[in-house]
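Colleague: What follows is a single structure, and I will ask about it in a moment.
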Amino acid sequence: MNIKWYLLNSGKLLEQASPVEWPQLDGVATGERWFDIGDANPEELRLFLNNLDLHPVQLARCLDSINDPGVISFEKTLLMEYPTAFDVGSENPGYLTIILKGPVLVTIRHGPTPYLDNLIQELTAKDASSLRHLPQIVYLILEQFTDIKGDAQIDIREQILREAKNLADDPNSVSANDLSRLRMQVDKLVSLIENQLYCVSGLNASDNSTLQEPHRKAFIQDLVSEAEIAQRGIYRLENRINNLYNDYQMAGSDRVEKRLRFLTIVSMITLPLGLIAGLLGMNVGGLPGTSFHYGFLVVIVLMLFIGFLEFLYFKRNGWFD
């Protein structure tokens, strides 16, 4: 288990030496503490979290390997399981467990969370803005992962625009696999945004006393508003990818219709020619032109003339348009 811990004192977040075990931290320094945990197995995590005296339901959720986004609040302890990663190739996206209890904040990483590392670097920098309390850090963490949704939506929107342009320029350059892959990205992002909105809405509805101060409540309500805006945005992208797929199907139907039209024209041109060839090819007596020296040539010219007249007819009536 990898543990990094930070001391929030006098508005500054300072990284401390990695702890060996929890009791050694008691009384080391005044101030609020943030423990960031990664690569922990359930037993190591259980031993560490026993020091927080969590409610059994909260402890069980922390140790459960199943990602079940939501918020559980008991008295002054708040637990949130928040989806973080947007990875189209992963069946189990990463998420972050956040525990806030009094002067202690614990974050437990499940999967890669590079955005959290970036935030920590910003908060521990010498020129970092002043921090007042741990709920502010929680807000900054959630806001950091909000940026993932925005970046992912912009990327998907650009992909949809490129595919729409390719479809307009050359329908054959767009495949059903490309659109299915794009639709899968949209579906996964929809799931991520809906789960995050569910979490921040639960946080906003929580009766945890730590979050009831007006300025802290305003931060959470701002997160809810951002999540709702992101949800409306991804639903619009979902409609756009559906429209693009419909356009792709229409382009495919048009290609099939043109091919069938061409085959129909060829069949209608060759039908009377085949009839003539069949009649003249019958092995019976009395066929006209059998004793005429240029009979074969006359029949060939006649068939070509008939075919040319049929071609002109179909051309004039727009069958080749």
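Colleague: Could you list, ordered by first residue, the pairs with Cβ atoms under 9 Å in which the first is in segment 185-205 and over 30 Å from Phe74 (Cα atoms) and touching a residue at least 24 places away in the same chain (Cβ under 8 Å) and the second is aromatic (Phe, Trp, Tyr) and not in a helix (DSSP H, G or I), at least 6 apart or interchain?
Modeller: Matching pairs, first to second residue: Gln185/Phe86; Lys188/Phe86; Leu189/Phe86.
Colleague: Report whether or not Arg232 is basic (Lys, Arg), closer than 30 Å to Asn204 by Cβ and part of a helix (DSSP H, G or I).
Modeller: yes
Colleague: Now, a different point. Go through segment 106-127 residue by residue and tally those that are in a helix (DSSP H, G or I) and at pLDDT 85 or above.
Modeller: 9
Colleague: Could you grab the pairs with beta carbons closer than 8 Å, sequence gap of 6+ or different chains, first residue in segment 297-314 and without any contact (Cβ under 8 Å) to a residue 60 or more places away in the chain, second one not in a helix (DSSP H, G or I)?
Modeller: Once the first residue is without any contact (Cβ under 8 Å) to a residue 60 or more places away in the chain and sits in segment 297-314, its partners that are not in a helix (DSSP H, G or I) give Val298/Gly289; Val298/Phe292; Val299/Gly289; Phe314/Phe320.
Colleague: Which ones in segment 60-96 are modelled with pLDDT under 85 and on the phi > 0 side of the Ramachandran plot?
Modeller: Glu75
Colleague: All but one of (1) in contact (Cβ under 8 Å) with a residue 12 or more places away in the chain; (2) surrounded by fewer than 20 Cβ atoms within 10 Å (Cβ to Cβ) hold for Pro114, so report the exception by its number.
Modeller: Status for Pro114: all satisfied but (1).
A quick yes/no check of all residues on (1) more than 27 Å from Arg255 (Cβ to Cβ); (2) buried (at least 19 other Cβ atoms within 10 Å of the Cβ); (3) among the acidic types (Asp, Glu):
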{"site": "Pro135", "(1), (2), (3)": "yes, yes, no"}
{"site": "Ile141", "(1), (2), (3)": "yes, yes, no"}
{"site": "Phe145", "(1), (2), (3)": "yes, yes, no"}
{"site": "Ala152", "(1), (2), (3)": "yes, yes, no"}
{"site": "Asp155", "(1), (2), (3)": "yes, no, yes"}
{"site": "Val174", "(1), (2), (3)": "no, yes, no"}
{"site": "Ser191", "(1), (2), (3)": "yes, no, no"}
{"site": "Glu194", "(1), (2), (3)": "yes, no, yes"}
{"site": "Tyr198", "(1), (2), (3)": "yes, no, no"}
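Colleague: Filter segment 128-145 down to the residues that are part of a helix (DSSP H, G or I) and in contact (Cβ under 8 Å) with a residue 40 or more places away in the chain and list them by number.
Modeller: Within segment 128-145, Leu134, Pro135, Gln136, Ile137, Val138, Tyr139, Ile141, Leu142, Glu143, Phe145 meet the criteria.
Colleague: Suppose we filter Glu213, Glu228, Glu310 for residues that are of a type in the set (Asp, Glu), over 30 Å from Asp187 (Cβ atoms) and either touching a strand residue (DSSP E or B) at 6+ places or on another chain (Cβ under 8 Å) or assigned by TED's automatic domain parsing to the domain that holds Ala176 (or both); which single one remains?
Modeller: Testing whether each residue is of a type in the set (Asp, Glu), over 30 Å from Asp187 (Cβ atoms) and either touching a strand residue (DSSP E or B) at 6+ places or on another chain (Cβ under 8 Å) or assigned by TED's automatic domain parsing to the domain that holds Ala176 (or both) leaves just Glu213.
Colleague: Among the residues of segment 241-249, is there at least one that is hydrophobic (A, V, I, L, M, F, W, C) and closer than 20 Å to Leu79 by Cβ?
Modeller: No, segment 241-249 contains no residue that is hydrophobic (A, V, I, L, M, F, W, C) and closer than 20 Å to Leu79 by Cβ.
Colleague: Then there's this: Go through segment 160-172 and give me each residue that's surrounded by fewer than 17 Cβ atoms within 10 Å (Cβ to Cβ) and over 16 Å from the mean Cα position of the chain (by Cα).
Modeller: Passing the criteria: Arg162, Lys165, Asn166, Ala168, Asp169, Asp170, Pro171, Asn172.
Colleague: Give me the residue from segment 10-41 that is outside any loop (DSSP other than H, G, I, E, B) and modelled with pLDDT under 85 and, out of that set, nearest to the chain's Cα centre (by Cα).
Modeller: Applying the filter and picking the extreme gives Trp22.
Yes or no, residue by residue, for (1) under 14 Å from the mean Cα position of the chain (by Cα); (2) closer than 22 Å to Ser225 by Cα; (3) of a type in the set (A, V, I, L, M, F, W, C):
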residue: Arg132; (1), (2), (3): no, no, no
residue: Leu142; (1), (2), (3): no, yes, yes
residue: Gln153; (1), (2), (3): yes, yes, no
residue: Glu158; (1), (2), (3): yes, no, no
residue: Ser175; (1), (2), (3): no, no, no
residue: Ser180; (1), (2), (3): yes, no, no
residue: Ser191; (1), (2), (3): yes, yes, no
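Colleague: Could you tell me whether Val57 is surrounded by fewer than 19 Cβ atoms within 10 Å (Cβ to Cβ) and either at pLDDT 90 or above or out of contact with any His (no Cβ under 8 Å at 6 or more places or on another chain) (or both)?
Modeller: Yes: the conditions hold for Val57.
The values are calculated or read from the model by the stated rules, or taken from the named source; none is laboratory data. Nothing here was measured: the structure is a model prediction, and the numbers come from that model. So basically every Cβ, Gly included, is an ideal-geometry build from the backbone, and we count neighbours across all protein chains shown.
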